[in-house]
Amino acid sequence: MSSACVVGAGVFGAATARELALRGWHVTLVEQYAPGTVRSASGGDTRLLRMAHGGVDWYADLAWRARSLWIDLQEQTGTRIWEPVGVAWFAQREDGFEARSRPALDRLGVSYEWLAPDDARSLYPSFATGDLAAVLLESDAGVLRARAATQLLVEDGVRHGVRVEGGRATPAAPPGADVVVWACGPWLAGLFPQHVELKITRRDVFFFGADSAWQDAPGFCDYDAPYYGHGDIAGLGVKVAPDLPGEEIDPDTVDRIPLAEREREARAYAAQRFPALAEAPVLGGRVCQYDLSADTHFIVDRHPEHPGWWLAGGSSGHGFKHGPALAEYLADCIEGKREREPFHALGARSGDAGLRTASIG
Ligand SMILES: Cc1cc2nc3c(=O)[nH]c(=O)nc-3n(C[C@H](O)[C@H](O)[C@H](O)COP(=O)(O)OP(=O)(O)OC[C@H]3O[C@@H](n4cnc5c(N)ncnc54)[C@H](O)[C@@H]3O)c2cc1C
C-alpha cells in the first residue's frame, strides 16, 4: 500500500487525507495545533457555499460537486454541517459578477432566480433594496458549519484509517512517506518562500443579535460593497462581515480580538442594508485570515525538486466550500489520473480572476 502524509488539518488537508484513505492509501495527517483550530481559516463558525463564480466555470463545477459530497458526509455520519438556506447576491449592476455567473448555473442545473429588487424584499425581515439592480437568489446554495465540518472530515478520515499526529512538519525535516501533501493554508508561503507567494491578510467577522424572524434567512453577498454574511444560523446571530482590504498578519501570533473600526463598518453596513439591525447588539466576533494568491486562483502543484511532494493552498478567501471536491481533484493528480490545471501552477501570477465574494481587496 502506498503511504501519504498530509501536513495541515484545515479543510484542504483533512479532506485530502480522508480521500486518500478512502482510495486505499496508508495516510498520516500532521497538525501543529488542533484540527479545526480557530487559528486556521477552516476554524470559522460558518462558511458560504455558492455555485456563482462570475463566469469562471471550473470553480462553479467544483462547488456543485462539493455540495453533493458535503451532503453525503452529513448523511453518512448523521452530523449536521449543512444549512440549505440559499445565498442571495445583491447585484448593484445588471452586468456584474452576478449576471456573469448565470450561464454556468444554467449549464449545471443549479436552482436560482433573478429577482427585481422589489420582489426580493421578503427574503429578509428587513431589507433595503433601493440601490440594487437585481438580486440573484441561489436556492441550492447554503452555509456550512465550517469548524464542525472540518473536524468531521478528520473524524471520518480516522474511521477510514487516517492516523492523526500533532506537530509542526518542515521541509528541512520532512515526513517520510511516498507522497507528502503540504496543505498548510497561510503557513504555506513561509515553508516554501521560493515557490509560493501569498498575502496573509486579516478579516474580522461579526454576529449581531436579531429576533427569531432572522432564523435561516439566506446567506448574502454584496460583491461590490463588499460585505457578506447570513441570517441567524445555529443561534450564532446574523453574520455581517466586511470584506474590505485587511492588514497583513502573522497567523501564529495575532490576538484574535475584532477591531472597533471594523465593527463600526459592519454596523453601518447592517444599518443601511438591513435597517432593523441598526441597533442590534454584537453577540460575538472572530478574527481570521485569508491566504491570497495574486489572482485568487488556488495553488495545487507538485514541488519542482521533490516529485513526491504536492503543495495545496492559496485558497484566497473562497476555498472552504470546495474542500471535498478539491480533495478528489488533488488525489486524482497524485495518482496520475489527471493533470493539475495550468491556473493552479506554482510561480508568478498576474491578473485577478475575482473569485472571492468581493470586487476589491
Ligand atoms: C473570515 C473568512 C471568511 C471566509 N468565508 C468563506 C466562505 O464563505 N466560503 C468559502 O468557501 N471560503 C471562505 N473562506 C475561506 C476558507 O475558510 C479557506 O479558503 C479555507 O478554510 C482554507 O483551508 P486550508 O485547509 O487551505 O487552510 P487552513 O484552514 O488555514 O488550514 C491549514 C492548517 O495547516 C496547519 N499547518 C500549517 N503549517 C503546518 C505545519 N508546518 N505542520 C503542521 N500543521 C501545519 C494549520 O495549523 C492549519 O490547521 C473564508 C475565510 C475567512 C478567513
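Looking at the stretch 2-34 only, could you name the residues that are more than 16 Å from the chain's Cα centre (by Cα) and near the ligand (Cβ under 7 Å from one of its atoms)?
So in the stretch 2-34, the residues more than 16 Å from the chain's Cα centre (by Cα) come out as 2-7, 17-34.
Those that are more than 16 Å from the chain's Cα centre (by Cα) and near the ligand (Cβ under 7 Å from one of its atoms): VAL7, VAL30, GLU31, GLN32, TYR33.
If I ask for residues that are among the acidic types (Asp, Glu) and closer than 20 Å to GLY190 by Cβ, which ones from the stretch 1-53 would you list?
First, pick out the residues of the stretch 1-53 that are among the acidic types (Asp, Glu): 19, 31, 45.
Answer for the stretch 1-53, where residues must be among the acidic types (Asp, Glu) and closer than 20 Å to GLY190 by Cβ: just GLU31.
Can you list residue pairs whose Cβ atoms sit under 9 Å apart, with the first residue in the stretch 198-219 being closer than 23 Å to ALA141 by Cβ and the second being at pLDDT below 95 and assigned to a strand (DSSP E or B)? Count only pairs 6 or more apart in sequence or on different chains.
These pairs meet every condition: ARG203/PRO242; VAL205/PRO242; PHE206/PRO242.
Looking at this structure, is LEU326 over 26 Å from TYR228 (Cβ atoms), at pLDDT 95 or above and aliphatic (A, V, I, L, M)?
No.
How about the stretch 35-58: which of its residues are outside any loop (DSSP other than H, G, I, E, B) and either within 10 Å of the ligand (Cβ to nearest atom) or of a type in the set (Lys, Arg) (or both)? Quick ask: steps written out before the conclusion?
Initially, the stretch 35-58 is screened for residues outside any loop (DSSP other than H, G, I, E, B), giving 41-43, 46-49, 57-58.
Across the stretch 35-58, the qualifying residues are ALA41, SER42, GLY43, THR46, ARG47, LEU48, LEU49.
Before we move on, is GLN74 within 17 Å of PHE220 (Cβ to Cβ), surrounded by fewer than 19 Cβ atoms within 10 Å (Cβ to Cβ) and at pLDDT 95 or above?
Spelling it out, it is not the case that GLN74 is within 17 Å of PHE220 (Cβ to Cβ), surrounded by fewer than 19 Cβ atoms within 10 Å (Cβ to Cβ) and at pLDDT 95 or above.
What are the residues in the stretch 306-329 that are assigned to a helix (DSSP H, G or I) and of a type outside the set (Phe, Trp, Tyr), if any?
Within the stretch 306-329, LYS321, HIS322, GLY323, PRO324, ALA325, LEU326, ALA327, GLU328 meet the criteria.
Kindly provide the set of residues from the stretch 309-336 that are more than 11 Å from the ligand (Cβ to nearest atom) and either free of Cβ contacts under 8 Å to residues at least 60 places away in the same chain or farther than 16 Å from ALA17 by Cβ (or both), ordered by number.
Those that are more than 11 Å from the ligand (Cβ to nearest atom) and either free of Cβ contacts under 8 Å to residues at least 60 places away in the same chain or farther than 16 Å from ALA17 by Cβ (or both): ASP332, CYS333, GLY336.
Of everything in the stretch 266-292 that's in contact with a Lys or Arg (Cβ under 7 Å, 6 or more places away or on another chain) and within 19 Å of TYR223 (Cα to Cα), which residue is farthest from the ligand (Cβ to nearest atom)?
LEU292
The values are calculated or read from the model by the stated rules, or taken from the named source; none is laboratory data. These figures come from a predicted structure and were not determined experimentally. Positions of Cβ are backbone-derived with ideal geometry, glycine not excepted, and every protein chain shown enters the neighbour counts.
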